[in-house]
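Some notes on the structure that comes next.
The values are calculated or read from the model by the stated rules, or taken from the named source; none is laboratory data. Model, not experiment: these values are computed from the prediction. Methodologically, a virtual Cβ is constructed for each residue, glycine included, from the backbone with ideal geometry; neighbour enumeration extends over all protein chains shown. Just the protein is used for accessible areas: all its heavy atoms, side chains included, with ligands, DNA and RNA removed. Shrake-Rupley method; radii C 1.70, N 1.55, O 1.52, S 1.80 Å.
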Amino acid sequence: MTEPLFCFMPRWKEELVVTGSGGTFVLELPMGILSAYLPTEDEWQRRAPAWARSLWPALKTELEEWCRANDAQFYIDASASVYPDR
């Protein structure tokens, strides 16, 4: 098994902090029903941090695995937020 590219850390503001070799960004993580949202690949190319744009396939796979391990639902949605960590 290969080493993961990303580390996922839930934060109290319904945010999922994602850290990779190039930096950190935040995805939505609503807690009513624990769910992670990832923008579609096209939207990802427009809105993701430059260092992570080519990593969407790996991020999708790793986030799906994280969701399974944490009993969270996983959604790909064009309107899903992605923004820099403050």
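At a glance:
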read-out: Pair list, Cβ < 6 Å and 6+ apart or interchain, from region 26-46 residues that are without any contact (Cβ under 8 Å) to a residue 60 or more places away in the chain and closer than 19 Å to Thr61 by Cβ to residues that are of a type in the set (D, E, K, R) and open to solvent by 40 Å² or more (accessible area, probe 1.4 Å); value: Leu29/Glu14; Tyr37/Glu28; Tyr37/Asp77; Gln45/Arg53
read-out: Residues (touching a Ser or Thr at 6+ places or on another chain (Cβ under 9 Å) and open to solvent by 70 Å² or more (accessible area, probe 1.4 Å)) located in region 52-78; value: Gln73, Tyr75, Ile76
read-out: Long-range neighbours under 7 Å by Cβ, at least six apart or interchain, first residue at positive phi and modelled with pLDDT of 90 or more within region 3-21, second among the aliphatic types (A, V, I, L, M) and surrounded by fewer than 16 Cβ atoms within 10 Å (Cβ to Cβ); value: Glu14/Met31
